[in-house]
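Trainee: A single structure is presented below for examination.
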Amino acid sequence: MSRITCSDLSSKVVTAEQAAVHISHGDRVAMSGFTGSGYPKAVPGALASQARTEHEDGRDFAIELWTGASTAPELDGALAEADAVSKRLPFQSDPAMRKAINDGSTEYVDTHLSHSAQQAWFGFYGNLDVAVVEVAAILPNGLLVPGSSVGNSKTWLDLADKVILEVNSWHPRAYEGFHDVYYGTRRPPERLPIQLLEPMQRIGDPYLRVDPAKIVAIVETNAPDRNLPFKPADEDSTAIASHLVDFLRHEIRADRLPPELLPLQSGVGNVANAVMGNLAESEFEGLTAYTEVIQDGMLDLIDNGKLASVSATAFSLSAERAADFNENIESYKGRILLRTQEMSNHPEAIRRLGVIAINGMVEADIYGNVNSTHVMGSSIINGIGGSGDFARNAYLNFFVSNSLAKDGAISSVVPFASHIDHTEHDTQILVTEQGLADLRGLSPVARARTIIANCAHPDYRDRLGDYLDRAIAANPHGRHTPHLLGEALSWHGNFQATGRM
Ligand code: 0RQ
């Protein structure tokens, strides 16, 4: 049965190539999609071909590209390879897009994921010309059923002058009822409190709305989401997960956490997935999650009954897990709710609910400043994503990483972070396979001693201790956060000069 049951809109169905013609050089184009889910599958490729033809004919063709978060090779990859993106925001993880950003051909505005929708509303990014949004179905009354992500789709549909819809029948039709789209957003000073008092509370509508007059094209597809495989948990990620879970037990014994914990947030990546795996084998019961992304590990926790419910904005599943979910979607109804990313990452909700946030990092310095985004201070990996939204507002926040990278040539604990996404004021608990540093309530030098002793790899521990001791000795009037300024970034310099820190 057709997924487009609105007779007024059926006449707008065209090919992806015909739809892409509505996008012009210089347009600001916002697309759906979050961590490889719910992004348009056909129009971006057609747009990339259009850009190549324009370039071959000697004309410029590039758009500004906004999304929810990361997408996939068919979107970020295709457009970056066609040299068709002048500016990108708010988050990406595609190798071709990353290369274009790092070689300076695409500008990148790396934004907190809770900020992107409101900053677009405030007009900080300029007028939005076109929205390209994937959905699972269009209802007879013109309302839209989202698929595997909500992300920023609501805002893009509201703000864009023109709308192109992709209706993807790969998403189960039974997605109807899995979403909560908040329509109470106002600009200051008219803003109201967000009345979200528990993770699964509905505060919006199950559907996306769109003004039918703005719809210029509808494209039908049947194509899977990106679906990345996960590495099986290795010794290091298992060690990180077990330090973290032991710490949660310790907090329960100290009466700082209830036995069913507080709502969990888990970032993207293999370590985050391994932590969920460890929880699945633990004694915890009745857990909840208020997070951005649902990875395989969270579905496993639901399946084995440990996790009662999850509020998120998107899935990010392996191909096998996505196929299994699509087949058994009915059994998850009422236990999974997908919200706009404005709400899944809302500081007010995160702080009120008391979320426990777990995110990956690239490196931390001895004082606890965390770099989540840049290699050697200059090259972006992905972006800050939601890590800042959650870390600053969480009840407890953890940053996790191996203590070494690149076969031991790099220490992930350094004298000074080469780029700072989360300042020492925001980071509470660092975890590596070596151990866990609880920084709550510690002054900078005490934090440094704890991080060096508990998290740094033994190969680098003595040198970090020596740096700290010499920094204290050299700064008789600067012993609060002492540094040797000429040496603070020398470890990164060593790596660039010799291939080892
Ligand atoms: O590079 O693949 O070339 O070897 O960085 O590192 O160890 O695989 O770690 O997959 O957990 O990702 C911070 C990137 C960690 C991720 C980051 C190199 C390492 C490897 C990846 P290779 P790992 P993970 C909610 C939360 C920001 C967004 C976020 C991230 C690559 O967690 O993007 O938190 N976070 N969102 O070799 C140089 C170091 C390094 C290093 C690792 N110290 N120096 N390179 N690498 N440490 C979700 C969303 O917001 C959508």
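The values are calculated or read from the model by the stated rules, or taken from the named source; none is laboratory data. All values reported here derive from a predicted model rather than from experimental measurement. Neighbour counts are summed over all protein chains in view; Cβ atoms, including those assigned to glycine, are modelled from backbone coordinates with ideal geometry. SASA here: full protein model, heavy atoms, side chains in, ligands and nucleic acids out. Shrake-Rupley method; radii C 1.70, N 1.55, O 1.52, S 1.80 Å.
Trainee: Could you give every pair whose Cβ atoms fall below 7 Å, whose first residue belongs to segment 83-104 and is under 11 Å from residue 71 (Cα atoms), and whose second residue is open to solvent by 60 Å² or more (accessible area, probe 1.4 Å) and modelled with pLDDT of 95 or more, counting only separations of at least 6 or pairs across chains?
Mentor: From residues that are under 11 Å from residue 71 (Cα atoms), the pairs are 92/98; 94/73.
Trainee: Same structure again: Looking only at segment 375-415, which residues are within 8 Å of the ligand (Cβ to nearest atom), among the small types (Gly, Ala, Ser) and in contact with a helix residue (DSSP H, G or I) (Cβ under 7 Å, 6 or more places away or on another chain)?
Mentor: If we filter segment 375-415 for residues that are within 8 Å of the ligand (Cβ to nearest atom), which is where we start, we get 375-376, 381-387, 390, 400-402, 405-406, 410-412, 414.
Now narrow it down to the ones that are among the small types (Gly, Ala, Ser): 383, 385-387, 401, 405, 411-412.
Correct list: 411 only.
Trainee: Give the residues of segment 159-179 that are over 24 Å from the mean Cα position of the chain (by Cα), open to solvent by 10 Å² or more (accessible area, probe 1.4 Å) and of a type in the set (A, V, I, L, M), sorted by residue number.
Mentor: 174
Trainee: Further question on the same structure: Can we say residue 363 is within 30 Å of residue 115 (Cβ to Cβ), surrounded by 24 or more Cβ atoms within 10 Å (Cβ to Cβ) and either out of contact with any Phe, Trp or Tyr (no Cβ under 9 Å at 6 or more places or on another chain) or of a type in the set (Ser, Thr, Tyr) (or both)?
Mentor: Numbers: within 30 Å of residue 115 (Cβ to Cβ): yes; surrounded by 24 or more Cβ atoms within 10 Å (Cβ to Cβ): yes; either out of contact with any Phe, Trp or Tyr (no Cβ under 9 Å at 6 or more places or on another chain) or of a type in the set (Ser, Thr, Tyr) (or both): yes.
Criteria met by residue 363.
Trainee: Shifting gears a bit: What about residue 331, is it among the hydroxyl-bearing types (Ser, Thr, Tyr) and under 18 Å from residue 275 (Cβ atoms)? It would help to see each step written out before you state the result.
Mentor: Working: among the hydroxyl-bearing types (Ser, Thr, Tyr): yes; under 18 Å from residue 275 (Cβ atoms): no.
No; evaluated as a whole, the condition is false for this residue.
Here is a yes/no grid of residues against (1) more than 16 Å from the ligand (Cβ to nearest atom); (2) over 25 Å from residue 294 (Cβ atoms); (3) not in a loop (DSSP other than H, G, I, E, B):
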{"site": "18", "(1), (2), (3)": "yes, yes, yes"}
{"site": "30", "(1), (2), (3)": "yes, no, yes"}
{"site": "39", "(1), (2), (3)": "no, no, no"}
{"site": "47", "(1), (2), (3)": "yes, yes, yes"}
{"site": "53", "(1), (2), (3)": "yes, yes, yes"}
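Trainee: Among (1) in contact (Cβ under 8 Å) with a residue 12 or more places away in the chain; (2) of a type outside the set (A, V, I, L, M, F, W, C); (3) surrounded by fewer than 22 Cβ atoms within 10 Å (Cβ to Cβ), there is one condition residue 311 misses while meeting the rest; what is its number?
Mentor: With (1) in contact (Cβ under 8 Å) with a residue 12 or more places away in the chain; (2) of a type outside the set (A, V, I, L, M, F, W, C); (3) surrounded by fewer than 22 Cβ atoms within 10 Å (Cβ to Cβ) applied to residue 311, the lone miss is (3).
Trainee: Consider segment 1-59. How many of its residues are of a type in the set (Asp, Glu) and crowded, with 16+ Cβ neighbours inside 10 Å?
Mentor: Quick first cut of segment 1-59, residues of a type in the set (Asp, Glu) only: 8, 17, 27, 54, 56-57.
Restricting the remaining residues to those that are crowded, with 16+ Cβ neighbours inside 10 Å gives 27, 54.
Counting residues in segment 1-59 that are of a type in the set (Asp, Glu) and crowded, with 16+ Cβ neighbours inside 10 Å gives 2.
Trainee: Provide a single number: the residues in segment 70-84 that are under 22 Å from residue 316 (Cβ atoms) and in a helix (DSSP H, G or I).
Mentor: To start, the set of residues in segment 70-84 that are under 22 Å from residue 316 (Cβ atoms) comprises 70-80.
Subsequent filtering for residues that are in a helix (DSSP H, G or I) retains 73-80.
Selection size over segment 70-84: 8.
Trainee: From 326, 369, which residue is on the phi < 0 side of the Ramachandran plot, within 15 Å of the ligand (Cβ to nearest atom) and more than 19 Å from the chain's Cα centre (by Cα)?
Mentor: On the way: 326 fails: within 15 Å of the ligand (Cβ to nearest atom).
Criteria check complete, one pass: 369.
Trainee: With the structure loaded, tell me whether residue 344 is of a type in the set (S, T, N, Q), more than 9 Å from the ligand (Cβ to nearest atom) and surrounded by fewer than 18 Cβ atoms within 10 Å (Cβ to Cβ) or whether it fails that test. Break it down into steps so the answer makes sense when it comes.
Mentor: Values: of a type in the set (S, T, N, Q): yes; more than 9 Å from the ligand (Cβ to nearest atom): yes; surrounded by fewer than 18 Cβ atoms within 10 Å (Cβ to Cβ): no.
Taking the combined requirement at face value, the residue does not satisfy it.
Trainee: Can you tell me which of 228, 287, 317 is open to solvent by less than 40 Å² (accessible area, probe 1.4 Å) and more than 30 Å from residue 13 (Cβ to Cβ)? First the steps, then the outcome.
Mentor: Values: 228 fails: open to solvent by less than 40 Å² (accessible area, probe 1.4 Å); 317 fails: more than 30 Å from residue 13 (Cβ to Cβ).
When all the criteria are applied, what remains is 287.
Trainee: For a quick check of your reading of the model, give me the residue pairs whose first member lies in segment 275-297 and is farther than 29 Å from residue 38 by Cβ and modelled with pLDDT under 90, whose second is assigned to a loop (DSSP other than H, G, I, E, B) and open to solvent by 10 Å² or more (accessible area, probe 1.4 Å), with beta-carbon atoms closer than 8 Å and at least 6 apart or on different chains.
Mentor: From segment 275-297, the pairs are 282/306.
Trainee: Kindly establish whether residue 87 is open to solvent by 50 Å² or more (accessible area, probe 1.4 Å), part of a strand (DSSP E or B) and either under 15 Å from residue 129 (Cβ atoms) or not β-branched (Val, Ile, Thr) (or both). Before the answer, list the steps.
Mentor: Details: open to solvent by 50 Å² or more (accessible area, probe 1.4 Å): yes; part of a strand (DSSP E or B): yes; either under 15 Å from residue 129 (Cβ atoms) or not β-branched (Val, Ile, Thr) (or both): yes.
Spelling it out, residue 87 is indeed open to solvent by 50 Å² or more (accessible area, probe 1.4 Å), part of a strand (DSSP E or B) and either under 15 Å from residue 129 (Cβ atoms) or not β-branched (Val, Ile, Thr) (or both).
Trainee: If you don't mind, there's one more thing I want to ask. I want to confirm something. Restricting to segment 427-453 and keeping residues that are without any contact (Cβ under 8 Å) to a residue 24 or more places away in the chain and over 28 Å from the mean Cα position of the chain (by Cα), which single residue is most open to solvent (accessible area, probe 1.4 Å)?
Mentor: The extreme case among them is 449.
Trainee: Filter segment 409-426 down to residues that are open to solvent by 10 Å² or more (accessible area, probe 1.4 Å) and not acidic (Asp, Glu) and give me whichever is farthest from the chain's Cα centre (by Cα). Give the derivation first.
Mentor: Just the residues of segment 409-426 that are open to solvent by 10 Å² or more (accessible area, probe 1.4 Å), to begin with: 409-410, 416, 418-421, 423-426.
Now restrict to residues that are not acidic (Asp, Glu): 409-410, 416, 418-420, 423, 425.
On the way: 409: 28, 410: 25, 416: 25, 418: 22, 419: 19, 420: 17, 423: 19, 425: 21 Å.
Going through the qualifying residues, I end up with 409.
Trainee: Let me ask something additional. Can you tell me which residue within segment 247-271, out of those that are free of Cβ contacts under 8 Å to residues at least 40 places away in the same chain and of a type in the set (Asp, Glu), is most open to solvent (accessible area, probe 1.4 Å)?
Mentor: Ranking the candidates gives 255 first.
Trainee: Regarding segment 185-197, can at least one residue be identified that is touching a His at 6+ places or on another chain (Cβ under 7 Å), open to solvent by less than 20 Å² (accessible area, probe 1.4 Å) and either in a loop (DSSP other than H, G, I, E, B) or not β-branched (Val, Ile, Thr) (or both)?
Mentor: Narrowing segment 185-197 to residues touching a His at 6+ places or on another chain (Cβ under 7 Å): 194.
Now restrict to residues that are open to solvent by less than 20 Å² (accessible area, probe 1.4 Å): 194.
Still in the list and also either in a loop (DSSP other than H, G, I, E, B) or not β-branched (Val, Ile, Thr) (or both): 194.
Checked against the condition, which is being touching a His at 6+ places or on another chain (Cβ under 7 Å), open to solvent by less than 20 Å² (accessible area, probe 1.4 Å) and either in a loop (DSSP other than H, G, I, E, B) or not β-branched (Val, Ile, Thr) (or both), segment 185-197 yields at least one hit.
Trainee: Looking at residue 339, is it open to solvent by 30 Å² or more (accessible area, probe 1.4 Å) and of a type in the set (D, E, K, R)?
Mentor: Numbers: open to solvent by 30 Å² or more (accessible area, probe 1.4 Å): no; of a type in the set (D, E, K, R): yes.
So residue 339 does not fit the description; no.
Trainee: Might you let me know whether segment 349-370 holds any residue that is closer than 23 Å to residue 228 by Cβ and basic (Lys, Arg)?
Mentor: no
Trainee: Is there a residue in segment 102-112 that is of a type in the set (Phe, Trp, Tyr), modelled with pLDDT of 95 or more and open to solvent by less than 20 Å² (accessible area, probe 1.4 Å)?
Mentor: Going through segment 102-112, the residues of a type in the set (Phe, Trp, Tyr) turn out to be 108.
So of that shortlist, the ones also modelled with pLDDT of 95 or more come out as 108.
Of the ones still in play, those that are also open to solvent by less than 20 Å² (accessible area, probe 1.4 Å) are none.
No: segment 102-112 contains no residue that is of a type in the set (Phe, Trp, Tyr), modelled with pLDDT of 95 or more and open to solvent by less than 20 Å² (accessible area, probe 1.4 Å).
Trainee: Taking segment 200-233 on its own, how many of its residues are without any contact (Cβ under 8 Å) to a residue 24 or more places away in the chain and within 24 Å of the chain's Cα centre (by Cα)?
Mentor: 2
Trainee: Can you tell me which of 441, 478, 465, 493 is out of contact with any strand residue (DSSP E or B) (no Cβ under 8 Å at 6 or more places or on another chain), part of a loop (DSSP other than H, G, I, E, B) and over 26 Å from residue 359 (Cβ atoms)?
Mentor: Working: 441 fails: over 26 Å from residue 359 (Cβ atoms); 465 fails: part of a loop (DSSP other than H, G, I, E, B); 493 fails: part of a loop (DSSP other than H, G, I, E, B).
Step by step, each of 441, 478, 465, 493 is checked, and only 478 is out of contact with any strand residue (DSSP E or B) (no Cβ under 8 Å at 6 or more places or on another chain), part of a loop (DSSP other than H, G, I, E, B) and over 26 Å from residue 359 (Cβ atoms).
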